[in-house]
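A quick write-up on the structure given underneath.
The values are calculated or read from the model by the stated rules, or taken from the named source; none is laboratory data. In this text the structure is predicted, and so the values were computed from the model without any measurement. Cβ sites come from the backbone with ideal geometry, for glycine too, and all protein chains shown count toward neighbours.
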Amino acid sequence: MAKVEKNFEVVKKYYFRKKGVLETQGYDEIGEAYFELYPVELDGKLGFADSNGEIVIPIIYDRQLHGNNEYLDLKKNNLCGLIKHDGSLVIDFCWDDMKLNDLSEDLIPVAIDKKWGFVNVKTKETQIEPAYDKVKFFKNGFAPVCINDKWGMIDANGNMIAKPKYLLDSYFEGDFAIVFEGGSWEYGRGGRIISDSNCKIVNKKGYEIVSDCSWIERTGINTFTLKRKENGQTVKTVKQFIAFLDYIVVINDGEYLKGYITTKGKYSEKNEYDEGLKKFSVWYTNAKYVGGGTWSVIDYSGKPIEIPAYKLKEVKESLLA
């Protein structure tokens, strides 16, 4: 019996181009170009070809999960792995799941036996062993992790910075993170809606330096507007935290100018664009301290301490400069 040749009806946008339309070479299907690579299928397996129709990634994979301008995460023998666009292997096909979309700071989330950890795509080593029920991407050197439906944070070495006891995942912006303990939450039109929760501020050593607020809003890099219930009334307080090696300076209810903080950390009245970082400056309600308020000092556990008056004076002068 003569072998039946595989036919593929070329669809506009889906064919290879080289002075016109190339032959499909008997593939079962050719997909639309994906980061200049064309997915091709043959006998239930997947590979990738370049714009000349040359196979650059062998047709040996079960399916594609995601991709970006450098990597593709694929499945082979029902296990996940990571390759580059030239077909070179980055992460062995030994994982149950993988989140290429959450690759950040060279760390990609991977899972085995329903536990998540991280592999470093540069060293190709497992940097954080799978031990968490859920994880999010790294940002500013830290990532949220979840155990038993409670969230905490780890650093890039896998050290637990904030124990998993919070309602939602949080990130450090500047030197501090807003966390929520207790209560409940749901998705609303404006994002996540939290109710009946104690809001807290955590520093990068895992200490809660502010706790038991009904709501905390970030209104500057390290400046927050806090709401508390006192005698049945809502009381607002603006706190700014200035972190040093051994202590934190706290300004209560200072005076501030609204404006922008540039990507270089400087105050600006106008929005600025950083060509190198491809980012705009960030607008804040409390962008620049201009005086006033009550000053105090705490250690990293939140305990009040004393420091020499001249050091406080230097901090204030630097803020007002």
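One table, with the values for the structure above:
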read-out	value
Breaking point among (1) loosely packed, with under 14 Cβ neighbours inside 10 Å; (2) under 25 Å from Ile154 (Cβ atoms), for Gln233	(2)
Strands (runs of 3 or more DSSP E) fully within segment 95-206 counting 3 or more residues that are under 29 Å from His66 (Cα atoms)	107-112, 115-120, 126-132, 142-147, 150-155, 184-188
Some residue of segment 251-264 being modelled with pLDDT of 95 or more, assigned to a loop (DSSP other than H, G, I, E, B) and of a type outside the set (Lys, Arg)	yes
Any hit, segment 177-185, residues being crowded, with 17+ Cβ neighbours inside 10 Å, outside the structural domain of Val250 (by TED's automatic domain parsing) and closer than 20 Å to Ile251 by Cβ	yes
Residue match in segment 271-286 (condition: part of a strand (DSSP E or B), over 25 Å from the mean Cα position of the chain (by Cα) and either exposed (fewer than 12 other Cβ atoms within 10 Å of the Cβ) or free of Cβ contacts under 8 Å to residues at least 60 places away in the same chain (or both))	no
Scope segment 41-69; condition among the polar types (S, T, N, Q) and either touching a Phe, Trp or Tyr at 6+ places or on another chain (Cβ under 7 Å) or over 14 Å from Gly81 (Cβ atoms) (or both); matching residues	Ser51, Asn52, Asn68, Asn69
Number of positions in segment 57-73 that are of a type outside the set (S, T, N, Q) and within 22 Å of the chain's Cα centre (by Cα)	7
Asn69, sole failed condition from (1) polar (S, T, N, Q); (2) under 20 Å from Val40 (Cα atoms); (3) in a strand (DSSP E or B)	(3)
